[in-house]
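See structure below.
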Amino acid sequence: MRELVHALCSVACAGRAPGTPGGVRARQKIVEALRACGLDPAEQSIAGTRAANVIAALPGDIDRWVLVAAHYDHLGGHAGRFYPGADDNAAAIAILVDVARGIARRRPQGRGVLIAAFDAEEPPYFLTREMGSSYYADHAQKIGPPVERIDMMVCMDLVGHALGPSGLPSEVGQTLFALGAERSAGTLATVQSLAQSEPGLIVRPADAEIIPPLSDYDAFWRRRVPFLFLTAGRSARYHTVNDTPEFLDWNKMAATARWIERFVRAICRQPAAAIPFVDDARADATTLHSFIALAGPLAPVAPLARVALERAQKLLAACDEKGRLPSALRSAPAELILGLESALS
Ligand SMILES: [Zn+2]
């Protein structure tokens, strides 16, 4: 992981802007890394740009698939300075390759696994048709299985750092948020059952709508493909030249790779029918439980966390038996999470 992260954050890759020589070098590194794991990756050029996705397939027993994905591009640079993008998103690519290695070594039962390193996630492509993930979703059938055969899209963005500054209780730092599990049948239960299955990592589910669509899962959500978005949120180094490898939490990254492998195997072996997408799902109580688990250990040291904790407990009491808040309070969990993100960054 260290080797690949350092290569992707090197001067040679110069911030990995889509279509630049640095972006091409980053793509070559990823192709080489996947080949070394025994995969046969293909490049998918994005029409109208010089960007390209890297896609590899590990077929299973049936023609249904789990997609594990992360974008590899970043903000580039100029005049000798560049944005390394270690947490955004070189760390996720290193985890992706590690997951691919584990899956290739021992194939899951049931579904096959697709590995995707997307290009062109960052501006100016963000949320356009040329965004790598969106382009892939539109043209998947030209390079592999059509998107209708994908039963789960696991998306990683900003997964390389410990949550909050060092010195906080481990249950804070080891947190990885998992958004969107409520949008497909059975997925939230799977995430909850695995939440603490890997030492060094605590996966905390939250409703997909606590943030605007901030990464590659958006294209799949819009096409009603079940998804899970893994992120530790934006740190103070987000989109700065200080997003460098020395701030990464390598132990947490290794645990994240093992966790994703475990989650992928659990989804692969589910019954062969398509996993239903759930349009109107809400996981307000789930979000609040995750928030309370984080604010609890912070409350003794941070007065604001104590206030927020009380607010979260009141909101939890206002949820109905399905864990939904009344519509007037729907935006409250998102505000709490946003406050937590900025307090910890
Ligand atoms: Zn990113």
For this session: Taking the options His161, His139, name whichever one is away from the ligand (no atom under 16 Å from the Cβ) and outside any strand (DSSP E or B).
Result: His139
Problem set entry | Selected residue (criterion: surrounded by the most Cβ atoms within 10 Å (Cβ to Cβ)) from residues of region 26-56 that are touching a Leu at 6+ places or on another chain (Cβ under 7 Å), small (Gly, Ala, Ser) and assigned to a helix (DSSP H, G or I) | Ala26
Problem set entry | Where Pro199 falls short, out of the listed (1) in contact (Cβ under 8 Å) with a residue 60 or more places away in the chain; (2) over 21 Å from Leu325 (Cα atoms) | (1)
Exercise. Which of the residues belonging to region 89-124 are modelled with pLDDT under 95 and either more than 12 Å from the ligand (Cβ to nearest atom) or more than 24 Å from Thr49 (Cα to Cα) (or both)?
Worked result: Pro124
Problem set entry | Flag if Thr175 is in contact (Cβ under 8 Å) with a residue 40 or more places away in the chain, surrounded by 17 or more Cβ atoms within 10 Å (Cβ to Cβ), under 24 Å from Ala86 (Cβ atoms) and more than 16 Å from the ligand (Cβ to nearest atom) | yes
Exercise. In the list Ala274, Ala257, which residue meets the criterion of being within 25 Å of the chain's Cα centre (by Cα), touching a residue at least 24 places away in the same chain (Cβ under 8 Å), in the same structural domain as Leu67 (by TED's automatic domain parsing) and within 29 Å of Leu96 (Cα to Cα)?
Worked result: Ala257
Exercise. Which residue, of Pro226, Pro213, Pro205, Pro145, is in contact with a Phe, Trp or Tyr (Cβ under 8 Å, 6 or more places away or on another chain), assigned by TED's automatic domain parsing to the domain that holds Phe118 and at pLDDT below 95?
Worked result: Pro213
Exercise. Yes or no: Asp249 surrounded by 20 or more Cβ atoms within 10 Å (Cβ to Cβ), closer than 18 Å to Gly173 by Cα, in the same structural domain as Ala91 (by TED's automatic domain parsing) and of a type in the set (D, E, K, R)?
Worked result: yes
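Residue by residue, here is whether (1) among the hydrophobic types (A, V, I, L, M, F, W, C); (2) surrounded by 24 or more Cβ atoms within 10 Å (Cβ to Cβ); (3) touching a strand residue (DSSP E or B) at 6+ places or on another chain (Cβ under 8 Å) holds:
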{"residue": "Leu58", "(1), (2), (3)": "yes, no, yes"}
{"residue": "Ala90", "(1), (2), (3)": "yes, yes, no"}
{"residue": "Ala94", "(1), (2), (3)": "yes, yes, no"}
{"residue": "Ala100", "(1), (2), (3)": "yes, yes, yes"}
{"residue": "Ala104", "(1), (2), (3)": "yes, no, yes"}
{"residue": "Glu148", "(1), (2), (3)": "no, no, no"}
Exercise. So which of Phe247, Phe229 ends up being closer than 22 Å to Ala281 by Cβ, within 16 Å of the ligand (Cβ to nearest atom) and not charged (D, E, K, R)?
Worked result: Phe229
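The values are calculated or read from the model by the stated rules, or taken from the named source; none is laboratory data. What you are looking at is a predicted structure, and each value in this text was computed from that prediction instead of being measured. Heads up, the Cβs are rebuilt from the backbone with ideal geometry, glycines too, and the neighbour counts pull from every protein chain shown.
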